[in-house]
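First the structure, in the form of structure tokens, and then the observations on it.
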Amino acid sequence: MSSVNLVAREVAAKIVFYGPGLSGKTSTLRKIYETVRPAHRGEMMSIATEGDRTLFFDFLPVKVERVNDCTVRLALYTVPGQVFYNATRKLVLQGADGVVFVADSQPEMMDANRESMANLQENLLEQGIRLERFPLVVQWNKRDLPSALPVPELREALNPRLVPDFETEAISGKGVLDVLKGITRLVIQDLRAKRIVPPPRSANPVPAPRPAGRGLEAELSQHLVGRTSVASTASSTATSVAAPRPLMPSRSMPAVGASPQVVVPPTAPPGLTGQRPLGAASALAPSELFDHARAAEGAFATGDYGTCIQACLDAARRGLALAGEGPLGAQAYLLHVDGGDLLKLQTLGARGSHRVDDAAFALYVLMQIFTRLHTAGLPAPATE
């Protein structure tokens, strides 16, 4: 999913938090959301069940400025941990540039951890990717529990290659930003090795002043609330006794099998596009399609899933038309958009009734199209 805008010197990368159910993936994203300054994050979109288990995905865009002289935008996703959502996990994993495996440190969760790690390897292989050649860090979560297994024992079972790993307490936030820093560093190294991230401009005679403590940690630290350092933020959140503030209004969700409702994301503070807050789709939308993306997000937030799907379908058609004249399938092929996803979106648009995961899938396809347009440099900038 990585894309580069050479003119704007901007790199977009996708990071997926993977692991068994209730291991702490969504809690990790929520803590990142609470810690990163509002001007450098988008809205967090989350679809959860009554038991607070992710049903489809969580999505959180975060901006990290100036790695070399490029702006890096991270699209952070989680996947559902339950086994029967494997098709969804495959969908969200597509196009990932790196993975954080969130392991539950409790002894009774070891089988679930192993099963989830094996599932990650299997799903990546279906995309032609070998896990040992892919940016991966391991997050040992729930280290605050008295029953937590020793880290050496967890490493022996789940991390024999000794990729970077981190001890965390997602609820308090301890170690969470170290995880984000670690996976971002690996992703940037991987994209640089693939010659996707451009080298620094050598023609700049007077480089811009950089803060003390250069490197990714300093870059991430610039965007934390109150501009505190990664280490101080993690330690202060770990010692805080106050409960974390809720990320979004809690609209109760029915059990799986009933008609689910969406957890409505909050209105993010302005800062990314003037006075207009960005949602998951509009954060990626070209300016010509921004209003269409906002309409889809608005319908999704109010539970009008049919309108959301129709708005996504309309925006998808307009976006694909930017690739040139011709049938929809040919336009999708030119932009490397998954034809199966597009066909499913059209099928959903023809249905009479819709569920929350249908609308979420429609938004996901729309974001995929926007990303492909960005990669192709479309729409082309106006010339004088």
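Laboratory data are not the source of any read-out in this text; all were calculated from the coordinates shown. Predicted model, so just to flag it, every value in this text is computed and none were measured. Here Cβ is always computed from backbone atoms with ideal geometry, including for glycine, and neighbour counts include all displayed protein chains.
Were the residues from Ala193 through Thr347 laid out at 0.36 nm apart, the gain over their Cα-Cα distance would be 51.4 nm. Simple spin-label estimate for Arg9 and Ser147 gives 5.2 nm between the two label positions (7 Å along the Cα-to-Cβ direction from each Cα).
Can you pick out the pairs among Lys31/Lys181; Lys25/Lys344; Lys25/Lys90; Lys63/Lys194; Lys31/Lys63 whose Cα atoms lie more than 19 Å from each other?
Working: Lys31/Lys181 14 Å; Lys25/Lys344 28 Å; Lys25/Lys90 16 Å; Lys63/Lys194 22 Å; Lys31/Lys63 16 Å.
From Lys31/Lys181; Lys25/Lys344; Lys25/Lys90; Lys63/Lys194; Lys31/Lys63, over 19 Å: Lys25/Lys344; Lys63/Lys194.
Modelled spin labels at Asn86 and Asp304, positioned 7 Å past Cα toward Cβ, are 3.9 nm from each other.
Find how much the distance from Arg318 to Glu115 grows on full extension, using 0.36 nm per residue of separation minus their present alpha carbon separation; answer in nm with one decimal.
Values: separation 203, 0.36 × 203 = 73.08 nm, distance 4.15 nm.
Here the answer is 68.9 nm.
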